[in-house]
Amino acid sequence: MACAAFHHGLHMKTIVVVGASLAGTHAAAAIRKSGFDQELVIIGREPHRPYDRPPLSKEFLTGGGDEARLPLPAAAEDRLEATWRIDVDALSLDVDARSIELSDGSLLAFDGLVIASGASARSLPSAVTVTSVDGLDNRDPSPGGVVTLRTLDDARRLRDLLVGEPKSVVVCGAGFIGAEVAASAHQMGLDVTVVDVAAAPLSRVLDVSIGHALCRFFEQQGVTMLMGEAIDVVETSGGGVSSVVLSSARRLQADVLVVGIGALPETGWLEGSGLDLGSGPGSGVVVDQFCRAGEAIVAAGDVASWPNRLFGGRMMRVEQWDNAVEMGQYAGRSLVAAMQGTQPDEPYQPVPWFWSDQFDRKIQLAGVVSPDWHDTVGSPDDDRFVRAFFDDDTHLCGVLAWNRPRQAIIGRQLVAAGTNRAEALERLTPTTS
């Protein structure tokens, strides 16, 4: 039902969503559900309608690249009744003029704005030398066979590289994406080596002991894990990657080099806008507890950083599926409320929720990891265990479940409730093995 607040005078109001992403799509859906029935424009830099990204590193690669399952149901035209500006990039934002400059040369005016421009994969560090062994392509900074994985087009390219004659695959980075690609490539029958400067896989998110357990598991599956190593040189031949040289001087054959070393929020188009972009390249757009970055401007998803009151106001920027959906929906509702002169009843304070599939292992994390206080139900050397993290040795702040999906769900509820240590451990202990 349309809200009367949008029908003052003769001015037709316009809401623009920058980012045909998971967060942007769910923000748009929430805007419509909140009663906004006027002009809704969605800007997407890719030449595709919104799609789901998690399958790109898993079943999309191993299952032959079925794209029919990727589109987001929430982006259906009959649900959003939006104007789509696809394959167009936002170049700059003028907050005072309430307009956005687009890559097709046009200016787009708005009354309300959702910033959901997401993040882009990090490329090889500039310190990595690209050199030719045949002298033909020594000036090419992006040789063939080197790929990041963030978009559908990236996944198409990687799938084409992996299919065919047996290949040696080197994965630079042992985070979630790197580990998932390594598992997928190995399941496709390829020779896979993972290289990371960290001491253990996923150690930027999980604690090192769990990372070591994951490293041992990958090695048991047949993946070579080289931790504490960096790629210094990428060697090319005939315009494509042929090998890499590590910081230890070890040379690895590499027909394909997958760069999975994280992502940076897409905030370049916001420079000079006056919005708070934080203190570093990974900060994102800083919003308040209601996802608001400015007057009738909200941000959501990978690009947004917000103070989570559930964790004492800790600033968070979460690059995960569940947060993109929830934050997108909340930001959409918050924007409509702002345009009506109100605000949501409750701040945005979710329990962050991560998951990743590594071969037959399901890793789920609810909340945040504390480096100081934790208890383990089971052992990281087992196929199934749970680790509980406490913020001050008293209250539960995070739960890692390794092949324990029921405990992951329970743990998320316990973190939200601020459960004390004794009760948390009792509830998280499985009744059967």
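The values are calculated or read from the model by the stated rules, or taken from the named source; none is laboratory data. These numbers were taken from a predicted model, which means no experiment stands behind them. In this analysis, Cβ positions are derived from the backbone assuming ideal geometry, glycine residues included, and neighbour counts consider all displayed protein chains.
Kindly evaluate Leu414 against the criterion of being among the hydrophobic types (A, V, I, L, M, F, W, C) and part of a helix (DSSP H, G or I).
Details: among the hydrophobic types (A, V, I, L, M, F, W, C): yes; part of a helix (DSSP H, G or I): yes.
Criteria met by Leu414.
Can you tell me which residue in region 184-229 is surrounded by the most Cβ atoms within 10 Å (Cβ to Cβ), limited to those that are of a type in the set (Gly, Ala, Ser), more than 23 Å from the chain's Cα centre (by Cα) and over 22 Å from Ser379 (Cβ atoms)? If you could, list the steps in order and put the result at the bottom.
Residues of region 184-229 of a type in the set (Gly, Ala, Ser): 184-185, 189, 198-200, 203, 209, 211, 213, 222, 228.
Filter once more, so that each one left must be more than 23 Å from the chain's Cα centre (by Cα): 189, 209, 213, 222, 228.
Checking which are over 22 Å from Ser379 (Cβ atoms) leaves us with 189, 222, 228.
Numbers: Gly189: 10, Gly222: 9, Gly228: 13.
Ranking the candidates gives Gly228 first.
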Seminar exercise, completed: All-but-one check, Leu277 against (1) touching a helix residue (DSSP H, G or I) at 6+ places or on another chain (Cβ under 9 Å); (2) in contact (Cβ under 8 Å) with a residue 12 or more places away in the chain; (3) among the aliphatic types (A, V, I, L, M); (4) over 17 Å from Val192 (Cβ atoms), failing number (2)
For this session: Write out, first by first residue and then by second, each pair whose Cβ atoms fall under 6 Å of each other, whose residues are 6+ apart or on separate chains, and whose first residue, in region 346-362, is closer than 16 Å to Val318 by Cα and without any contact (Cβ under 8 Å) to a residue 40 or more places away in the chain while the second is surrounded by fewer than 18 Cβ atoms within 10 Å (Cβ to Cβ) and not β-branched (Val, Ile, Thr).
Result: none
For this session: Give the number of residues within region 363-375 that are free of Cβ contacts under 8 Å to residues at least 60 places away in the same chain, over 24 Å from Thr431 (Cβ atoms) and either assigned by TED's automatic domain parsing to the domain that holds Gln220 or not polar (S, T, N, Q) (or both).
Result: 3
Exercise. From the list Phe290, Phe217, which residue is of a type in the set (Phe, Trp, Tyr) and either assigned to a strand (DSSP E or B) or at pLDDT 95 or above (or both)?
Worked result: Phe290
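Kindly indicate which of Val128, Val146, Val163 is within 30 Å of Gly189 (Cβ to Cβ) and either surrounded by fewer than 16 Cβ atoms within 10 Å (Cβ to Cβ) or among the charged types (D, E, K, R) (or both).
Details: Val128 fails: either surrounded by fewer than 16 Cβ atoms within 10 Å (Cβ to Cβ) or among the charged types (D, E, K, R) (or both); Val146 fails: either surrounded by fewer than 16 Cβ atoms within 10 Å (Cβ to Cβ) or among the charged types (D, E, K, R) (or both).
Every option except Val163 fails the conditions.
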For this session: Could you run through region 192-212 and say how many residues are in contact (Cβ under 8 Å) with a residue 40 or more places away in the chain and either acidic (Asp, Glu) or part of a helix (DSSP H, G or I) (or both)?
Result: 4
Exercise. Condition test on Pro430, is it within 24 Å of Val286 (Cα to Cα) and in a loop (DSSP other than H, G, I, E, B)?
Worked result: no
Problem set entry | Enumeration of residues in region 83-102 that are of a type in the set (A, V, I, L, M), free of Cβ contacts under 8 Å to residues at least 60 places away in the same chain and either touching a strand residue (DSSP E or B) at 6+ places or on another chain (Cβ under 7 Å) or farther than 18 Å from Glu271 by Cβ (or both) | Val88, Leu102
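From Gly411, Gly378, which residue is touching a Lys or Arg at 6+ places or on another chain (Cβ under 8 Å) and closer than 16 Å to Thr429 by Cβ? Step through it out loud before you land on a result.
On the way: Gly411 fails: touching a Lys or Arg at 6+ places or on another chain (Cβ under 8 Å).
Only one candidate qualifies: Gly378.
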For this session: Could you please find all residues in region 237-285 being in a loop (DSSP other than H, G, I, E, B), more than 25 Å from Phe176 (Cα to Cα) and of a type in the set (A, V, I, L, M, F, W, C)?
Result: Ala249, Leu275, Leu277
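If I filter region 255-267 for residues that are among the hydrophobic types (A, V, I, L, M, F, W, C), over 30 Å from Gly145 (Cα atoms) and more than 18 Å from the chain's Cα centre (by Cα), do I get at least one hit? Working first, answer last.
Here is the first cut: in region 255-267, the residues among the hydrophobic types (A, V, I, L, M, F, W, C) are 256-259, 261, 263-264.
Checking the rest, the ones that are also over 30 Å from Gly145 (Cα atoms) come to none.
No; the residues of region 255-267 include none that is among the hydrophobic types (A, V, I, L, M, F, W, C), over 30 Å from Gly145 (Cα atoms) and more than 18 Å from the chain's Cα centre (by Cα).
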Seminar exercise, completed: Taking region 327-360 and keeping only residues that are of a type in the set (D, E, K, R) and over 18 Å from the mean Cα position of the chain (by Cα), one is left with Arg333, Asp345, Glu346, Asp360
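Considering only strands (runs of 3 or more DSSP E) fully contained in region 41-118, which possess at least 1 residues that are surrounded by fewer than 19 Cβ atoms within 10 Å (Cβ to Cβ), touching a Gly at 6+ places or on another chain (Cβ under 8 Å) and not assigned by TED's automatic domain parsing to the domain that holds Thr148?
Values: elements: 83-86, 90-94, 99-102, 107-109, 112-115.
It comes to 83-86, 90-94.
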Exercise. Say we look at region 131-143 and pick out the residues that are surrounded by fewer than 14 Cβ atoms within 10 Å (Cβ to Cβ) and within 28 Å of the chain's Cα centre (by Cα); which of these is modelled with the highest pLDDT?
Worked result: Ser142
Exercise. If you go through region 320-341 one residue at a time, do you hit one that is touching a strand residue (DSSP E or B) at 6+ places or on another chain (Cβ under 8 Å), assigned to a loop (DSSP other than H, G, I, E, B) and assigned by TED's automatic domain parsing to the domain that holds Ser34?
Worked result: yes
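Go through region 348-372 residue by residue and tally those that are touching a Cys at 6+ places or on another chain (Cβ under 9 Å) and part of a loop (DSSP other than H, G, I, E, B).
Of the residues in region 348-372, 4 are touching a Cys at 6+ places or on another chain (Cβ under 9 Å) and part of a loop (DSSP other than H, G, I, E, B).
Does any residue of region 329-336 turn out to be crowded, with 18+ Cβ neighbours inside 10 Å and hydroxyl-bearing (Ser, Thr, Tyr)?
So the first thing to find is which residues in region 329-336 are crowded, with 18+ Cβ neighbours inside 10 Å, and the list is 329-336.
So of that shortlist, the ones also hydroxyl-bearing (Ser, Thr, Tyr) come out as 330, 334.
Yes: region 329-336 contains one or more residues that are crowded, with 18+ Cβ neighbours inside 10 Å and hydroxyl-bearing (Ser, Thr, Tyr).
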